[in-house]
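Student: I'd like to ask some things about the structure below.
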Amino acid sequence: MENDQLKMFILTILIDIGLIYLLLYQKLNITDYIFCYIILISHLLFLYGLWNNNEQLLDFLHYLIFIFLSITIFVENIYLLTISLFLISIIQILWIIEERCILNKKGEINNFGYGKEINICSLILTIILSIKIGYKYNK
């Protein structure tokens, strides 16, 4: 397993542990509950794609991650919001360190998942999630 794949594998497992904990020990509304299960199912597909180097599946899931992260604006559970904020923060940190999205191979011309527009959207999403978490924490 390559270094980038190992990073993605570990990050996915950490997020899954958090999601399973929430499903077992937190009272979630129906939207948050369904969201957790959809993410866990997509993570199973992602791990399968990583393990088998299924580039078509990984490319499809690569597009979905931004959709899923955008949907977190409608999530209510503070811990689920925090997991999403953690993920978007880690993605942005990896963009800075690697100067690319780690789902793209080094030297690959495909820049999906990395660029000015996606950086701006990610920054705005980070701000929105931070404000929502702060509001819920102070409630």
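Student: Between L44, N29, L85, whose Cα lies farthest towards the positive end of the dipole of the chain when Lys and Arg beta carbons carry +1 and Asp and Glu beta carbons carry -1, centred on the Cα centre?
Tutor: Positive-most Cα among the choices belongs to N29.
Student: Using 1/(1 + (r/R0)^6) with R0 = 25 angstrom and r between the beta carbons of I34 and N119, what's the FRET efficiency to the nearest 0.05? Walk me through the intermediate numbers first.
Tutor: Values: r = 29 Å, r/R0 = 1.18.
The value I calculate is 0.25.
Student: Out of region 10-109, which GluC sites (Glu not before Pro) are coil in DSSP terms and have no more than 10 other C-beta atoms within 10 Å? Display every interim value, and only then the final one.
Tutor: Working: sites: E55, E76, E98, E99, E108; in loops: E76, E99, E108.
Loop-located and lightly packed - E99.
Student: Quick check of the Kirkwood formula: for region 3-138, what is the inverse mean of 1/r over all pairs of different Cα atoms, in Å?
Tutor: That comes to 15.5 Å for region 3-138.
Student: On a full-extension model of 0.36 nm per residue, what is the gain between E2 and F74, subtracting their alpha-carbon distance, rounded to one decimal in nm?
Tutor: Numbers: separation 72, 0.36 × 72 = 25.92 nm, distance 3.49 nm.
Full extension from E2 to F74 adds 22.4 nm.
Student: Additional query: On a full-extension model of 0.36 nm per residue, what is the gain between F86 and K136, subtracting their alpha-carbon distance, rounded to one decimal in nm? Mind showing how you got there, number by number?
Tutor: Working: separation 50, 0.36 × 50 = 18.00 nm, distance 1.64 nm.
Result: 16.4 nm gained on full extension.
Here, each number is a calculation from the coordinates, and none is a lab measurement. Quantities reported herein were computed from a predicted structural model and do not represent experimental measurements. Cβ: placed from backbone, ideal geometry, glycine included. Neighbour counts: every protein chain shown.
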